[in-house]
Structures are given as structure tokens and as C-alpha cells.
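What follows draws every value from the coordinates through simple rules; no lab data is involved. Bear in mind the structure is a predicted one, so any value in this text is a computation, not a measurement. Cβ sites come from the backbone with ideal geometry, for glycine too, and all protein chains shown count toward neighbours.
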There are 2 protein chains.
Amino acid sequence: MKIAIAQLNYHIGNFDGNLAKMLKAIDWAKEQNADLVCFSELATCGYPPRDFLEFDDFINLCDETIQKLAQASDEIGIVVGSPSKNPVIEGKDLFNSVYLLYNKKVEFVQHKALLPTYDVFDEYRYFEPATEFSTVVFKGKRIALTVCEDIWNIGNENPLYTVCPLDEMIADDPDFIINVSASPFNYDHAEARIHVLKANVKRYKKPMFYVNHVGAQTEIIFDGGSVVMRPDGKVYEELPYFEEGYRIYDLEDVEQGKENILQPKDKILEIHDAIVLGIKDYFGKLGFTKAIVGLSGGIDSAVTTVLAARALGPENVRVVLMPSQFSSDHSVNDAVALAENLGMQYDIIPIKDLYDGFMDKLSPIFKDLPFNVTEENIQARSRGVLLMAMSNKFGNILLNTSNKSEMAVGYGTLYGDMCGGLSVIGDVYKTDVFTLAEYINKDGVVIPINTITKPPSAELRPNQKDSDSLPEYEILDEILYKYIEGQLGPKEIIALGFDEKLVRRILRLVNINEFKRYQTAPVLRVSSKAFGMGRRVPIVGKYLS
Amino acid sequence: MKIAIAQLNYHIGNFDGNLAKMLKAIDWAKEQNADLVCFSELATCGYPPRDFLEFDDFINLCDETIQKLAQASDEIGIVVGSPSKNPVIEGKDLFNSVYLLYNKKVEFVQHKALLPTYDVFDEYRYFEPATEFSTVVFKGKRIALTVCEDIWNIGNENPLYTVCPLDEMIADDPDFIINVSASPFNYDHAEARIHVLKANVKRYKKPMFYVNHVGAQTEIIFDGGSVVMRPDGKVYEELPYFEEGYRIYDLEDVEQGKENILQPKDKILEIHDAIVLGIKDYFGKLGFTKAIVGLSGGIDSAVTTVLAARALGPENVRVVLMPSQFSSDHSVNDAVALAENLGMQYDIIPIKDLYDGFMDKLSPIFKDLPFNVTEENIQARSRGVLLMAMSNKFGNILLNTSNKSEMAVGYGTLYGDMCGGLSVIGDVYKTDVFTLAEYINKDGVVIPINTITKPPSAELRPNQKDSDSLPEYEILDEILYKYIEGQLGPKEIIALGFDEKLVRRILRLVNINEFKRYQTAPVLRVSSKAFGMGRRVPIVGKYLS
């Protein structure tokens, strides 16, 4: 039996586009004489469709896509994920299902039982969990069809669910297992995924075809990396990450375990490629081509600009330098050098006059109150107005350049440097931004060395440095990581040897600045816990604040 | 048996504050010789604690609060909601539980089975559903203890769950039922709640004590309105809305059905009181006292200002008038009249110079490109910078004045008039803003009549009116309501008789403007479907866009 995998980049709600991609893959699979072609979870409508699922109209469009795909299943079996209506009045109205289409009709449907409802996932918001499990015979082979999380309750110390769908299906003695997934990237996830697949195959001793979604949907980046597993527990082939791909396998070859193709894994390489794809899809799927970035001469805007140039082409990224009276000469020089290295159009707009204009209006009201964060913010917000004006006039999406460390502690100006349609490095700690800059420069200097080596500064008051008000980033990032990704409390972090006062101060800063993050652009997610949909904390809380 | 109800305003994560409130109520109940005192769902930590629940440290603080409450249960039974740890390794780590404390120890715990995971609710994100149900005997009476949603699967045409906890518990023949709730306000919800309580009592024929949370937690406003139900299906007493309260009941009186106290229900009155409470708690729980509002002379900022004045006191609300070259004289006059009616401090800062300052910088870049939304936005954003500067300098939280109609169609400037820490009327359609203004003026003119009667305008270009680019609000709001609250698709709305082109244009505007709403302040929720946490739609989608 020949089984094809199509690892595709879907677009939420773009039914025509998704259908066309699948039909093209079906044609290819037919040319290869495939018996079966597999797509990923909720491939008809894209993943995650979120509250669009609550519209009957949207579900009808999913059903229509299934019917159209069925028409193409005359000679080939098609495995594809789509929502399906729950015929029972009690319970949620939908299932998250995997279909087998063949002979121009729906041959078989299995619903998903384990509904991820944590981090960025909300599946129990929409779907009823399956309680019945069966397998299907196709061209003489018995197949266990599963959806994403259904295979993830195996190989964990603290399983999230009380049932395990394959334990039920395995009683039928299937010849192989298919899993249709929409499993998003984080820089630890590819390893975790291989671990879970191995645990499954070791338990059931069947070949497994794991088909993942690739492509970004707003902040969530699906990395692909579909995997074919041999029944002996080894990887037969791991597909490339961050790109679409077709593959075809002979089931016998997989059973006999002739190959073993693995992809390289490296945190910074993966973050780099994930963000480039994230930017590309944000623009492409929204129908935009051009970005604008405020370039300060610092490392955050430099890295953001390079990533944008790699995603969109340098000709589509416009940069603006907006020095204030507190900007150093080297900042302007470093920013110009970067723009020139990238061959980019740049404008220089000094903001002192704008700042003075605001202060003229406000000084009768402020009277003799001293310079403080207010005046710093006026500079940042004047830049925001300029950048957004250019965004509006020329149709460039403004990219936000905040890093995760500063977003965490609120070291940024709401409606100022926190402006932008997409946060590019908002899930990258400052220490990783430096590593990313070095990775970018690995084949030659793109980001000026001075941008990387000088002490970080917001340059909003004379001789300001980040380290005036924050601890060194090496320490800050470690504490933040333990709190945000690690979900450790203050006592646990202090017990690891960090200074109590510092830990309490940092955790407090994180918690009292939730109101700023609430109003931030979507953040491209590269870690296991990004700000945004995946981290939901009350603004008006009094915990650690 | 004497049963006390304490309808209290909790604060998320404020363990000391919540404990102190409950101890005070326990003292009162003891003085009244109550046998039992009842608090609401997750009263120890406040509701909804969201991802704070993922911190062991937070759960330990909940457990410590339970232990402290138990110490006060020497002579009185205490019914209180709190998270509890799941001892089983499979499944989620927590239950959402109701405790009975007595004799200084935990007498009984029942876990919640029906976990709301829709709209603003995310309970299955954190909690394992109960599968076992029992009742408890306390001082000779058998009690069925339930948590919020556990009684909501009754009386619906399309029940969300496949189990019904009280169907199991009723086999024990309990003497009465207690339900501890955190059931948030919307202007249809009090009716729905009474309907569900009646359906329960009619089915089980037992008295029921329903104890709700009161008070706002960021955007979600809990309205109180706790209810005591007679076994014959009638209301014995409905507690007041939007305020704390203690009550004590003799079980025999409730069984015999001597009273019937109901609260008045009126949509606009409820919205008014809900928003006033929402503002008050947002400020109070964050530790702020003062607000600032940009006053345009239009109805949205006028209504917002009055509601803020009623929540915080007029002396704590500062208003700023920022006319541009396109502002009409009457706008300034109307705004001044409002400020004077309220006895409020106001400043006037004309923004033409600031606008010209930006245009001076940008005109070499914009060259001969015509005036468009860019220049409109520069005005709105200059105002944003001024307001935020005053917010920063004086510690006033800026209130956002956008209404739901304009937020829906994207008729607002991101980082301009969409600035602010809290959206006051962002869940109130424009047509309801007018009704709210009339309600505010019912005992005498507060909002100048001209503000109410003149045609709405953003005044960002010469002679601009909202109706230049939007349909009349009566039509717009009806279509929006059917799409947003009603979750009807385009075909269904058109089938109701609305113009097809208009419907498609409006739905498209809603969907393509999700990126703006994503960056908006939390919106005080008064409808069944507010923008924010309760409505999760993809930015990068292609549905109806």
C-alpha cells in the first residue's frame, strides 16, 4: 500500500484556498499511484478557527469542502480533518473529526477524544470529546485514525486525560496508525513530539503516519516536521520544518524500517526560521506585502528588521530613524549602517521639535513637576505617531520590536514603542536576541557589531542604560523563565538561590504590567509560554503584585 | 435551621482581603445564631483566577485560606468554594470544589462536574470534571452542595453537557440544595438565571440557596442577585444586584413559602449600574482613585464621563478638551457645559500646532499624496499622546470612550481614541448609548441636550458625519447584534430582510478590524457577547473578510 503525506500551509476560513491546495496534492498523489493521501487536523477550515466554529455558516462551509474533496476520492483514499456536527442534543454541538473519504463518499469518521484546553488551545470550548472508538478497513488494511492530542496521553508522567483512545482501537489489531495534527512550534516541541511518537509506537508496535500542519496563523506557528514511525520504535522519516512538502511511502518499506531521516534541531536556528515564517504568513495571509520598522540603532529593532527583510525581501521593509535629543551619535550611525547593509530605504526624522511641541502644550499644566517617565513616554509616543502615519499612508504594517524580557517587566511605552501590528521578537528573551543577532551575522556582518556589543539603552533621558533600572539580563531572563515558562512561584525560585528581594521585585513587575501586555500586538510564539492567548492572567489581581 | 448567605465582592488573589471579608460575615452570622453561612464559588481566591491556578504557590494559598476559615467554623458550618488538588495522577491537577467546614475541620467536599468553557469561561483549562456525587448530613439535615454550572444543564433546549449532577444527588433525598456561584452579569442574564433556578426547583422540589459573587474583576462584572428558592418553584427572595449583602433565612420559612421578594429588572438601569460598579472595582482593586477622559462634546465621551463621575466622584475625574481645526464651536461648548454640570476640572488644549508639527515632518515624505485617514489619525493620536502624558504625570487612568458599534466596524484610531486602560462603553451599542444618556438625564439635564441630539461626528475632516461612511446606527446595530450576539451568518441575516450588500460590507468590516480590537483595553462586559476574552476570533482569517 502506498501512502502519501501532504504537509500543507492552510489559511483559516479560506475554504477555496485550502481546497485548491488539497486538490493539487491529491492530483500529485494520484500521479504517484498512492492508495491513500493524508492531510492534517481541521485542514478544511485551517487551525485554530476559534469562535468561527460557533457559526453554522462556517461549519456548512467545512461540510461543503468535505463533499468537494470526496468527489476527488474516486481512485484514492483521502484522510482529512474537519469539524463535524454532533447528532446528539446533549453536549457540545461539534466534534473535531478525521474523515476517510473514498469512492466519492465519506467512508468513515472518527472523532477526537482528547481536547487540548491549555496554553493556546481552547478545544473543549467548541468540541464534544469522543467516547466511542473504532478502526476502518481500507483496501484490505485496517487503519486506526487519530487526531493530534489523542496520541499525547502516552509517555507523560502526569497525563492530562483519563482515557487513551489507541488503547481502545488497538483491540482491532490495526495494520497502521494515522495521526492528523495541528501541533504548533516551540523550540522544545520537536523533541517532545518525537518522544511521544516513540512512546506510542513502542507501546503499540505499529507503523505510524503523523501529518502536521505547517504555517503561521496570526501568532501560532505550525512547524510541520511530519513524521513516519517504524513499528520498532524508530523514526523512518522526519519531514522538514517550516515548509510545505509532499512525500509518498510504501507501507512495507516503513514496516521493514529501511530508512532513518532526521532533521537537525537547534534552538536559535528554529527560532529564526519560525519567526521568518511567522512574519511571511502574517503578511501574506492578510494580503499585505510591506513592513515598516522604527530603527533605533539598538539590537531589538536591528534583529526585527533583518527577520522582516528575510521574510518579505529588503525592498519591502522601510525603516525610519527618529533620534531625540537623548539619542547618541552612534545610534544613528549604527541604524544607518544596518539599513545600508540590507540595501534598505530609510528616513531620518528627528523628534525634538515634536517633543517640544507637546511640552509647550503641557507645561502650563505640568508646571514645575520634574522630568520623569512622562517625558520619556512622550518621545516614544511621538515616534509611534510618525510610524503609524507612514503605515497608514503607504500601507506598510508596523512591526513591533519589543523583546520578551522588556514586555515581561513593562519596560516599554504603551502606544509608543509598543505600537505595531505584529510583535516579532516578543517571545524572545533579551539574552536570546543577542544569540539571534550572532546567528544572523554568522556568514558576515549584517547587524553592526557595535549594535551587539554596546550596553542596551532606551535613550529616553541623558546617559540612560537598561541596567540603571533592571538587573543584568542574564539574571533577569533566568528568573523570568522560571516564572513564566516554568510556572514556579516566588518561594520555589528563591529556593534555587536567587536573591529574595530581586525575585519579588521582578515577579511584581511582571504582574503589575499585565495591563500593558493586554494591549500589545499578537506575539509570534516560539516558546512553550508566550504572552498572549497562551497566558491568561487577570489584570485586576493582587497575586504577587 | 438558620442559613445565612453572604453575597460578597472578592478580589482575585487577594487572599488576606477575601479572608477578612468572609471572617466578618462569619462573625455576623454567628451573632444571628446562624447554623450555616454560605459564600460563593472560588471565594478564597476570587473568580476567575485564570492561569494563576497553574501556580502551586497560588493553590497553596487557597488551601491556607480554607484552613483559616475552618478555624472559624467552631459553632457554625461554612460553605465556601475553593480549588482543590486532584489526588489522581491522570486528568487535570485541580477540581473546582465546594467545601463544608465545621468543627474546625473540612467536613465534606464536592467537586464541580459541569465546567463552563465558552464565552468568557475557561474552566476545563484548569479543572477535572467530577464524576462522583454525594450529599452531606449537617445538624440532621441532608444537603446537596453544587457549584454554579452544575445546575445549568436543566431547562435548556440544547444542554451543553451529558450529565446532570443533581439527578445523581437527588437519590439521597436531600432536604435542601445549595449552589455556590460566580455567574457574571449581562443584561439578559438575571432572567435566564431565575428561569434555570425555577427549572431546578420544579424538577427536584427542594428549597435552594443560590449564592452569587458580586463585583467586577477587570472586564467581567458579577452582579450578585443571589436567590433563595421555595420548593414549590417560586422565588422566596432575590437579593439586590451590584452590591454586597448579608441575609439570614429560617429553612422552615423558605419551605413554607411565606415571602416573595423580587428585584426590578430593566436593561438600561442594569447596564448603568453594572458599568458604575465595573469602573469602581477596576480602580479600587488596582489601587487607583483618579480617571482622565478626553471630552469631545460628543455623546460617547459624555456618557463615559458621567459614569466615571458616578463611580469615582466628579472630583476624581479630570477631563481634557482637545479641539482640532475641524472641531465645531458647539463641540467645545457642549463639552464645557458637561464639565460644568458635573463640577469637574477641565483643561483645553488645541491640537492644531501638534498636528502641524507632525505634518511638517511628514510632508517631505508624503509629498503630494492627498489628505486621507492618515491625517485624521494623526489628530486622534496627538490627543492620545496628550491624555497619556497627563495620565503618566498625575496618575489618572485614562478611560476609553469607544462604543461597541464603532469598535465593531473599526471606526476608531488605534493608539488614538482607542487609548485607555479600561473601555467603559465598549460593550454598549451606539443606539443604547443614546438611551443611556437619556436615562442619565432622567432627573435633570446632566448631559447637554445638544450632545444627544446633534448628528454623531468624529470631526476629523471638514463637515464629517458618521453617516458619511456608516449606515444609520439603528440599522447598523441591528445587523451587528445579529452577527455578534446572535452568531448568525450572512445568509441568515440577509434572509431576515436586510440588504445583502450592506450585510456583507458590515460583516467584512467587523472581521477585518479584529487587529484593532486585539489591542484594545479590557471592555466592561454587559452583553452576552462582548469584545475581548469572550469573543475569540483569528486576526489572520479569511472568513467573511
| query | Assigning unit charges at the beta carbon (Lys, Arg +1; Asp, Glu -1) and nothing else, what dipole magnitude in debye, to the nearest 20, does the range B:271-463 show about its Cα centre? | reply | 400
| message | Need one value for B:96-107: mean number of C-beta atoms belonging to other chains within 10 Å of its residues' C-beta atoms. | response | 0
| task | Post the alpha-carbon centroid distance, the range B:298-324 to the range A:207-251, in whole angstrom. | result | 56
| field | Which of A:Pro462, A:Gly91, B:Leu422, positive extreme of dipole for the protein assembly as shown (C-beta unit charges) | value | A:Pro462
| remark: Counting only residues 5 or more apart in sequence or on a different chain, those whose built amide H sits under 5 Å from that of A:Thr218 are B:Val540
| message | Taking amide H atoms as placed 1.01 Å from N in the peptide plane, list the residues 5 or more away in sequence, or in a different chain, whose amide H sits under 5 Å from that of B:Leu422. | response | B:Asn400
| remark: Of all GluC sites (Glu not before Pro) in the range B:466-497, the ones in DSSP coil with at most 14 other Cβ atoms within 10 Å are B:Glu472
| said: Using the crude model of +1 on Lys and Arg Cβ and -1 on Asp and Glu Cβ, and no other charge, please compute the dipole size for the protein assembly as shown relative to its Cα centre, in debye to 20. | reply: 720
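Over the range A:270-464, what is the relative contact order in whole percent, taking alpha-carbon pairs under 8 Å and six or more residues apart?
25
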| Whole-angstrom gap from the range B:119-147 to the range B:451-520, using each part's C-alpha centre | 43
| message | Can you compute 3J(HN,Hα) from phi for each residue in the range A:333-341, using the Karplus curve 6.51 cos²θ - 1.76 cosθ + 1.60 with θ = phi - 60°, rounded to whole Hz and x for Gly and Pro? | response | 4, 5, 5, 4, 4, 4, 4, 5, 4
| query | Considering only DSSP states other than H, G, I, E and B, which trypsin sites (Lys or Arg not before Pro) in the range B:183-220 qualify as loop sites with at most 12 other Cβ atoms within 10 Å? | reply | B:Lys205
| In debye to the nearest 20, how big a dipole does the range A:2-265 give about its Cα centre with +1 on each Lys and Arg Cβ and -1 on each Asp and Glu Cβ? | 620
| Cross-link list B:Lys290/B:Lys430; A:Lys21/B:Lys92; B:Lys112/B:Lys198; A:Lys267/A:Lys290: which exceed 32 angstrom alpha carbon to alpha carbon? | A:Lys21/B:Lys92
| message | Check which residues have an amide H placed less than 5 Å from A:Phe108's amide H, if you skip close sequence neighbours. | response | A:Leu100
| said: Of all beta bridges DSSP finds with both residues in the protein assembly as shown, what is the antiparallel percent, to the nearest 5? | reply: 55
| For A:Lys442, label point 7 Å along C-beta direction: distances to other copies, nm | 6.9
| GluC sites (Glu not before Pro) within the range A:264-348: which are DSSP loop residues with at most 14 other Cβ atoms inside 10 Å? | none
| field | Antiparallel DSSP beta bridges within chain A, percent to nearest 5 | value | 55
| Pairs of alpha carbons in the range B:2-265 whose separation is greater than 25 Å (percent) | 37
| query | Mind checking the angle between helix A:299-312 and chain A's longest principal axis? C-alpha axes, 0 to 90 degrees, to the nearest 10. | reply | 40
| said: What are the ³J(HN,Hα) couplings of the range A:514-523, residue after residue, when phi is run through the Karplus curve with 6.51, -1.76, 1.60 and θ = phi - 60°? Round to Hz, x for glycine and proline. | reply: 4, 4, 6, 5, 4, 9, 8, 4, x, 9
| For A:Leu502, which inter-copy label distances result when the label point lies 7 Å beyond Cα on the Cα-to-Cβ vector, reported in nm to one decimal and in ascending order? | 6.4
| message | Helix B:373-394 against the longest principal axis of chain B: what's the angle in degrees, Cα atoms only, rounded to the nearest 10? | response | 60
| message | Quick one: 3J(HN,Hα) in Hz for the range B:58-68, Karplus 6.51/-1.76/1.60 with θ = phi - 60°, rounded, Gly and Pro as x. | response | 5, 5, 4, 5, 4, 4, 5, 5, 4, 5, 5
| task | Sort out for me the Cα centre separation of the range A:150-201 from the range B:11-51, rounded to whole Å. | result | 43
| request: Work from the charge dipole of the range A:176-285 (Cβ charges, +1 for Lys and Arg, -1 for Asp and Glu, about the Cα centre) and give the residue of A:Asn212, A:Asn260, A:His195 farthest towards its positive end. | output: A:His195
| query | Can you list, shortest first and in nm, the gaps between the label point of B:Glu191 and those of its counterparts in the other copies, using a point 7 Å from Cα in the C-beta direction? | reply | 5.7
| query | What value, in deg cm²/dmol to 500, does the helix sum -39500 (n - 2.57) over DSSP H runs of n ≥ 4 give at 222 nm once divided by the residues of the protein assembly as shown? | reply | -11500 deg cm²/dmol
| note | Cα-based Rg/(2.2 N^0.38 Å) for the protein assembly as shown, rounded to two decimals, is 0.95
